[in-house]
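Taking it in order: structure first as structure tokens, then the write-up.
The values are calculated or read from the model by the stated rules, or taken from the named source; none is laboratory data. None of the values given here were measured: they were computed from a predicted structure. Quick reminder, even Gly has a Cβ in these numbers, built from the backbone with ideal geometry, and neighbours come from all protein chains shown.
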Amino acid sequence: MPITPAQIAQAQQAQSLAAQDAAAAIRLIAGPGTGKSATIERRIAHVLNKGANPNRVFVISFTRATCAELETRIAAFCATQPCAQAVANIRISTMHALALRILRSAAVLATLYPSDPIVLDDWERENVYDQELATALGCPSGRAAQVRLAHDAEWQTLNPQAIAQAAVTNAERHGFDAFHVTRRNLYCCVWPKNMFIAT
């Protein structure tokens, strides 16, 4: 069933209201392709054009890929507006990177870890973490990655079956926990979808 012009107009009105809401914090919850990014672009332009301090504007998303896309889209949307200069100073990051920044600024990490942690990138997860986990579990690295992903899914959804793959056994779960606990000072900690490695 095609979307009617009236439905499109109603959705655009809701997006406009969200973009111009006077609240200090706005949370958008909607499915794929519903205009969240467009609303965020308009929201950022609106608050910056109204004089918000760009250093106190934070945009968070779940993945680095969506953050990179948002950064490009927001910069392009603001390019011809008064906020064009200020937009370079807003913070766009995953929620986990933001949490890490907050912990750093509060000097919490210095008491927990031997050095400042950073977020593992995909290569480090696959070629360092998963390889060592595979050795510890006595399985191929592909299976070790599945065990790690199931752990991430459990943190995110409280349901390790939330990802489409073969079930993780209790032995694999216990093996992951033992592996991770012994490496807390090297890999620091696991947060949903992100791991930190000491440099």
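Points worth noting:
- Verdict on VAL87 being in contact (Cβ under 8 Å) with a residue 12 or more places away in the chain and assigned by TED's automatic domain parsing to the domain that holds ASN49: yes
- Conditions (1) modelled with pLDDT under 85; (2) outside any loop (DSSP other than H, G, I, E, B); (3) of a type in the set (Val, Ile, Thr); number of the one not met by ILE26: (2)
- Answer from THR135, THR72, THR80 - the residue that is out of contact with any strand residue (DSSP E or B) (no Cβ under 7 Å at 6 or more places or on another chain), assigned to a loop (DSSP other than H, G, I, E, B) and surrounded by fewer than 14 Cβ atoms within 10 Å (Cβ to Cβ): THR80
- When GLU124, GLU71 are checked against the criterion of being closer than 25 Å to VAL47 by Cα and out of contact with any helix residue (DSSP H, G or I) (no Cβ under 8 Å at 6 or more places or on another chain), GLU71 stands alone in meeting it.
- Restricting the range 83-119 to residues that are surrounded by fewer than 18 Cβ atoms within 10 Å (Cβ to Cβ) and touching an Asp or Glu at 6+ places or on another chain (Cβ under 9 Å), the residue that is modelled with the lowest pLDDT is ALA110.
- In summary, ALA65 fulfils each of the numbered conditions (1) closer than 28 Å to TRP123 by Cα; (2) buried (at least 16 other Cβ atoms within 10 Å of the Cβ); (3) of a type outside the set (D, E, K, R) with the single exception of condition (2).
- Residue check for ARG143: modelled with pLDDT under 90, farther than 24 Å from THR39 by Cα, buried (at least 16 other Cβ atoms within 10 Å of the Cβ) and assigned by TED's automatic domain parsing to the domain that holds ASP177: no
- Tallying residues that are in a helix (DSSP H, G or I) and among the hydrophobic types (A, V, I, L, M, F, W, C) within the range 40-68 yields 8.
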